[in-house]
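In what follows, a single structure is set out as C-alpha cells and then discussed.
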Amino acid sequence: MLHSITVHGARQHNLRNINVEIPRNSFTVITGLSGSGKSSLAFDTIYAEGQRRYVETLSPYARQFLDQMERPDVDSIDGLSPAISIEQKTTTRSPRSTVGTVTEIYDYLRLLYSSIGVPHCPVCGTEIARQSQTQILEQVLALRQNERIMILAPMVRGRKGEFRKELEKLSKQGFVKARIDGELHALEDPIKLDKRKNHSIEVVVDRLLVKPGIEQRLESSIQTALKLAGGLVLIAGVNGDERLFSENLACPNDGTSIPELEPRSFSFNSPYGACESCNGVGSKWSFDAGKVIADPSKPLLDGGLGPGSSSSYMLASVNEGAEVLNVDLATPFEAFAKKSCALLL
C-alpha cells in the first residue's frame, strides 16, 4: 500500500513542472503567496485527477449528473484514490437525490446489504429465522380464532407490467378472485393494468372462518398460497388487519415475518424500503396550530385566526366545521374543548 500521493511534472495553469509528495491519511495544508499555485495544485490537479478516475468507472447514466473534468496537465500522479465532490442543487435535483444515488455507490451498498445482511425482528430485535408451514398454521389458529379471514398469495409485489398472461393462467387454474393494488377483481373479467406503473397482485386462495375443525382446510390453503407466492402468504382479516407470513424469514418470538431481503429493501425510492412516515423523502409536512391561531384569547372569526382569516374559503370551512361540531364561534378559541380544537384545525 502506498503511503503518499506523488505528483510528477505538474504544469496546470501557473505551475512550473513541479514534483510534490504528500503523505496519505494525514491532514496537509498547502500555503503560499497569492498566485503561487495553491489552488492549481490542490483542486485543478490532484482533485481533478481523482474525480476523473472515479467518473470513468461509472455508467453513462450516472456521468450525466457529474461534472466531467479534463485530465490535468501533469506527467503522472501515483497513490491517488478516486475522489467525489457533488454540488447539491435542490432546485434542479429531486430531494431523493443524494451523493450515494448520483454516484451509484448506493446501488452497490444495497446489493451488499441484501446479499450478506442478517435480518432482525423490528419488534424485539431477535435474529429472524425461517418459519415452517406448521408454525404459520399454529399462529393463524392462535391469533385469528372466530374471525373471518382471506388467505392471499402475494405473487406480484411492486412490479411494473401488465401481467396479462399471469392473470389468465390463474383463472385457468380455478382461482376466482385476486386483490390488485388493494382492490378485489374477478379473474374472469378483463383486467387491464398500466405497464408503466408498479402493481401488487394477491391471489385470493380461500375465505373462511377460523374455528375448531377448520385446521385441515386452513393448512391446505396456506400450503397452496406458499407454493404460488414462493414462500409467502398474507392473512387478511375482515377488520382490515393484515399479517404477512414467510416460509423463509420469521421471528421465533412474536412471529413477525419479513420478505426475503432484496436490494429494494434498502432503497428509499421503493415503497418496500422507504420510511413509512416520510415515504423516503426525509421530511414530512405537519400542521402547526401556532401559525394559524394568531390570538387564542379571541373568537376565531374575531381576531383569533391569523393567516387566511380573510379567505372566503377559510371562513366557509370554519363555519361548516363549527356547525357540524355544534361549536359556538363566538367563544374564544382557548375555551374550546381539546377535541373540538383538534377537529376544527
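None of the figures in this text is laboratory data; all of them are computed from the coordinates on show. Given the structure is predicted, the values throughout are model-derived calculations rather than measurements. As a convention, Cβ positions derive from the backbone with ideal geometry for all residues, glycine included, and neighbour counts pool all protein chains shown.
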Comparing ILE222, ILE201, ILE30, which has the greatest mean-square fluctuation in the GNM of the chain with Cα pairs linked when under 10 Å apart?
ILE30
Given a Förster radius of 22 Å and the C-beta distance between LYS172 and ASP206 as r, what FRET efficiency does 1/(1 + (r/R0)^6) yield to the nearest 0.05?
0.75
Based on the alpha carbons, how large is the Rg to Rh ratio for the stretch 133-255 when Rh follows Kirkwood?
0.98
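In debye to the nearest 20, how big a dipole does the chain give about its Cα centre with +1 on each Lys and Arg Cβ and -1 on each Asp and Glu Cβ? All intermediate terms of the calculation are to be shown ahead of the outcome.
Values: 39 positive and 41 negative charges, 137 e Å.
It comes to approximately 660 debye.
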Column: log10 I(q)/I(0), Debye, Cα scatterers of the chain, q = 0.07, 0.10, 0.14, 0.15 Å⁻¹
-0.61, -0.92, -1.11, -1.18
In the structure shown, of LYS169/LYS211; LYS160/LYS284; LYS177/LYS227; LYS169/LYS195; LYS192/LYS284, the pairs separated by more than 23 angstrom at the C-alpha atoms are LYS169/LYS211; LYS160/LYS284; LYS192/LYS284
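Full-extension gain between THR6 and ARG52, please, as 0.36 nm times their residue separation minus the C-alpha to C-alpha distance.
Details: separation 46, 0.36 × 46 = 16.56 nm, distance 1.69 nm.
Gain on stretching THR6 to ARG52: 14.9 nm.
Considering every Cα-Cα pair within the stretch 145-200, what fraction, in whole percent, is farther apart than 12 Å? Don't skip to the end; give the middle numbers.
Numbers: 1058 of 1540 pairs.
Counting every Cα pair in the stretch 145-200, those more than 12 Å apart make up 69 percent.
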Hey, can you grab everything whose amide H is under 5 Å from the amide H of LEU249? Only 5+ residues off in sequence or another chain; H modelled, so Pro and N-termini drop out.
GLN131, ILE258
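Helix-derived [θ] at 222 nm for the chain: sum -39500 (n - 2.57) over DSSP H runs of at least 4, divide by residue count, nearest 500? Don't jump to the answer; show the numbers that get you there.
Details: 10 runs with 88 residues, N = 345.
About -7000 deg cm²/dmol.
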How long is the gain from SER220 to ASN14 if the chain were fully straight, where each residue apart is worth 0.36 nm and the alpha carbon distance is subtracted?
66.2 nm
Going by the alpha-carbon gyration tensor, a ≥ b ≥ c the square roots of its eigenvalues, is the stretch 4-78 rounded (a/c under 1.5) or, if a/c is not under 1.5, prolate (a/b greater than b/c) versus oblate?
prolate
Estimated inter-spin distance, MET314 and GLU334, nm [label 7 Å along Cα→Cβ]
2.1 nm
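Could you give the length gained on full extension between ASN198 and LEU111, defined as 0.36 nm per residue of separation minus the Cα-Cα distance, in nm? Walk me through the numbers before you get to the answer.
Working: separation 87, 0.36 × 87 = 31.32 nm, distance 2.10 nm.
Gain in length upon complete extension: 29.2 nm.
Would you work out the relative contact order for the stretch 133-255, in percent, from Cα pairs under 8 angstrom that are 6 or more residues apart?
On the way: 201 pairs, mean separation 44.7, N = 123.
In percent, rounded to a whole number, it is 36.
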